[in-house]
Amino acid sequence: MAQPSNQSAFTNALTQLRNAAKIAGIDPNTLKQLERHDRIVEVALPIRRTSGPNQGRVEVFTGFRAQHSNARGPYKGGIRYHQNVSLDEVKALSLWMSLKTAVANIPLGGGKGGVIVNPKTLDPAELEALSRAYTRAIAPIIGPDKDVPAPDVNTNPAIMAWIRDEYEKVTGGPAPAVITGKPVEAGGSEGRDVATSEGAYYVWEYAATRLGLKPAETRVAIIGFGNAGFYLAKRMHESGYKVVSVSDSRGAIIDMGGLDPDKVMEHKQAGGSVLGYNGLPDKTLADQLALEIELLAPAALENQINTDNADSIKAKVIIELANGPTTPEADTILDKKNVLVIPDILANAGGVTTSYFEWLQNKKSEHWTRQDVFTKLKTAMDQASSAVWKIADDKKVSLRKAAGVVAVQRLAEAIKGRV
Ligand code: NAD
């Protein structure tokens with residue numbers, strides 16, 4: 001599968017911030033603050049390898065935590081394990097988190113972390129050792145009222161539970177609210193596992209009503225088949241949509257008759273990839289983009305939709321579950337082609353909103369039902385959609401610019417008076 005272009009994600013995020021600030025009429029001094037991060041740390045993570053050719057030797061991994069803004073509340077944002085993690089990427093992702101928490105209107109700021117590692121090369125004990133080393137390294141700058149991490153690409157509830165445990169060992173007391181996305185038995189929230197896709201589904205429903213698109217008439221292709229992509233595929237399938245294509249890091253499969261996401265996941269769990277499902281031929285990202293469909297949902301990595309391929313897209317609407325999947329230059333091309341883009345900072349905000357619910361439950365020692373969580377999530381996503389669509393209508397700008405305007409206006413209010 002083609003790897004995303006290595007264009008600077010942070011430069012893209014800054015372009016989006018500046019575009020929105022210009023439309024919103026944000027003063028230059030405020031913009032200057034939003035262009036910079038409050039704090040960025042790089043940490044060394046030595047662990048002893050217990051498997052592979054380096055067994056017995058110490059290997060030193062590199063991790064980052066970027067804290068963009070806490071003007072609206074404690075920093076909030078996931079931790080990514082990936083071989084392509086970079087300082088540029090965590091800077092971009094943490095800026096997007098500040099914008100996203102503002103669009104979702106939750107009292108949290110923006111942060112992000114990452115470790116440069118391909119977790120598939122570690123055995124479970126090494127993965128735990130690395131996660132605990134990362135926690136010890138960033139423990140001084142995280143905490144329930146300081147900075148609250150969560151899962152992202154290649155991190156999961158089990159890793160969140162190790163991080164909570166290690167943080168509590170370092171600080172010497174219970175602190176369930178230090179991290180979200182934990183297993184329910186370890187202080188997690190009901191519904192957090194599917195929250196990103198559930199929130200995206202509500203955002204999509206809002207848009208579909210505006211666009212007059214019905215489930216039976218809407219064919220969907222999804223790029224990425226992990227937490228965000230798989231659960232979106234499942235939710236859409238169960239709601240009567242035809243999911244005609246999914247992909248992972250090895251490639252794509254296409255069946256215009258429709259796929260059953262649960263069965264594709266069973267196949268992936270058995271063989272490591274969606275490829276080969278039901279004897280379907282191997283396809284690529286380019287094949288997915290060229291599909292005559294109504295909805296395309298990137299749910300993998302940054303920059304996958306760029307100047308090399310934006311023109312080939314035939315979908316009517318793109319809903320961004322991934323962060324930063326579309327470059328600003330591709331946005332311009334899509335705009336000209338009248339492809340509607342529902343931007344990441346609105347579309348995938350269900351994840352962080354439910355993380356906020358988890359954090360609240362931990363702080364109040366409460367446990368909400370799954371139905372409570374989804375009811376509150378639907379209200380939050382409808383309010384966010386309504387605020388964004390209103391600005392798009394009033395100012396006649398794209399949903400990306402409108403979401404940016406909603407975010408920078410709220411952030412500007414919060415940093416008023418800070419010099
Ligand atoms: P994940 O690790 O669960 O899944 C990632 C998926 O992407 C995997 O199926 C992987 O095979 C696939 N992938 C990797 N490279 C690919 C490529 N080149 N082409 C196609 N597929 C590829 O991660 P996730 O949590 O689902 O996150 C996916 C995206 O959603 C990221 O951009 C993340 O920041 C964003 N996001 C996730 C959450 C969340 O709660 N998990 C919340 C908001 C946003």
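Read-outs: derived from the displayed coordinates by stated rules, not from any lab. As the structure is a computational prediction, the values presented were derived from the model and not from experiment. A quick note on method: Cβ atoms are made from the backbone with ideal geometry, for glycine too, and the neighbour counts reach across all protein chains shown.
Taking the mean number of other Cβ atoms within 10 Å as a proxy for protection, how do you rank 314-325, 405-416, 134-145, 367-378 from highest to lowest?
Details: 314-325: 23.6, 405-416: 20.8, 134-145: 18.0, 367-378: 16.0.
In descending order of packing, they fall as 314-325, 405-416, 134-145, 367-378.
Between ALA44 and ALA286, what is 0.36 nm times their sequence separation minus the Cα-Cα distance? Round to one decimal in nm. Working shown, then result.
Working: separation 242, 0.36 × 242 = 87.12 nm, distance 3.79 nm.
Value of the extension gain: 83.3 nm.
With a Förster radius of 51 Å applied to the C-beta separation of ASP372 and ASP311, the computed FRET efficiency comes to 0.70. A Cβ-based charge dipole, computed about the Cα centre of region 341-407 with Lys and Arg at +1 and Asp and Glu at -1, lands at about 140 debye.
Panel order for MET265, MET236, by other beta carbons found within 10 Å of each beta carbon, from fewest to most: MET265, MET236. Computed FRET efficiency, Cβ-Cβ of GLU217 and SER386, R0 25 Å: what is it to the nearest 0.05? Between GLU217 and SER386 the formula returns 0.55.
Candidates PRO157, ALA24, PRO124 compared by Cα position along the dipole of the chain: farthest toward the positive end lies ALA24, with charges placed on Cβ. Rg and Dmax, both from the Cα atoms of region 195-347 and both in Å, are 14.1, 43. Mean silhouette area of the chain, derived from the convex hull of its C-alpha atoms and averaged over all directions, reads 19.5 nm². Highest average first, the peptides 177-184, 268-275 ordered by how many other beta carbon atoms sit within 10 Å of their residues are 177-184, 268-275.
A simple spin-label model places the labels of ARG57 and LEU360 5.0 nm from each other, with each point 7 Å out along Cα-to-Cβ.
For each of TYR206, TYR231, count neighbouring Cβ atoms within 10 Å of the residue's Cβ, then give the residues from fewest to most.
Working: TYR206 20, TYR231 23.
Ranking TYR206, TYR231 by Cβ neighbours within 10 Å, fewest first, gives TYR206, TYR231.
Put a plus charge on the Cβ of each Lys and Arg, a minus charge on the Cβ of each Asp and Glu, and nothing anywhere else: the dipole of region 195-347 about its Cα centre is then about 300 debye.
Restricting things to Cα coordinates, could you compute the convex hull volume per residue of region 235-309 in Å³? Before the final figure, lay out the partial values.
Details: hull volume 7.5 nm³, N = 75.
In region 235-309, the Cα convex hull volume per residue is 100 Å³.
Going Cα to Cα from LYS363, which aspartates and glutamates come in below 18 Å? Please leave out same-chain ones fewer than 8 positions away. Partners within reach: ASP145, ASP147, ASP165, GLU168, GLU185, GLU190, ASP372.
Within 10 Å, count the other beta carbons around each residue, average over each peptide in 90-96, 222-228, and list them highest first. Write down the numbers at each step before the final one.
Numbers: 90-96: 28.0, 222-228: 24.9.
Most protected by this proxy first, the peptides run 90-96, 222-228.
Going 7 Å from the Cα of ASP335 in the Cα-to-Cβ direction, what parts of region 393-414 have a backbone nitrogen less than 20 Å from that spot? Once the point is set 7 Å along Cα→Cβ of ASP335, 393-409 turn out to lie under 20 Å by backbone N, inside region 393-414. Listed by chain and number, the aspartates and glutamates whose alpha-carbon sits under 13 Å from that of LYS242, ignoring those within fewer than 8 places in the same chain, are GLU217, ASP255, ASP260, GLU292, GLU294. In terms of overall dimensions, region 38-188 has a Cα radius of gyration and Dmax of 14.8, 49 angstrom.
Comparing ALA207, GLY240, HIS267 along the charge dipole axis of region 200-306, the residue lying farthest to the positive side is ALA207, per the Cβ-charge model. Annotation: extensible slack from GLU266 through LYS32 equals 79.4 nm (criterion: 0.36 nm per residue apart, minus Cα-Cα distance). Each Lys and Arg contributes +1 and each Asp and Glu -1, all at the Cβ; summed about the Cα centre of the chain, the dipole is approximately 980 debye. Here the relative contact order of the chain, from alpha carbon pairs under 8 Å that lie six or more residues apart, stands at 18 percent.
Restricting the calculation to alpha carbons of region 91-135 gives Rg and Dmax of 14.6, 39 angstrom. Projecting the Cα positions of GLN55, GLY181, ASN105 onto the charge dipole of region 38-188 (unit charges on Cβ atoms of Lys, Arg, Asp and Glu, taken about the Cα centre) puts ASN105 furthest along the positive direction. The string of couplings for region 176-183 from the Karplus curve (6.51, -1.76, 1.60, θ = phi - 60°) is x, 7, 6, 8, 10, x, 6, x Hz, one whole number per residue in order, with x for Gly and Pro.
Exposure proxy ranking for TRP389, TRP359, based on other Cβ atoms within 10 angstrom of each Cβ and starting from the fewest, stands as TRP389, TRP359.
Compared with the alpha-carbon gap, the fully stretched path from GLN83 to ARG210 is longer by 41.7 nm at 0.36 nm per residue.
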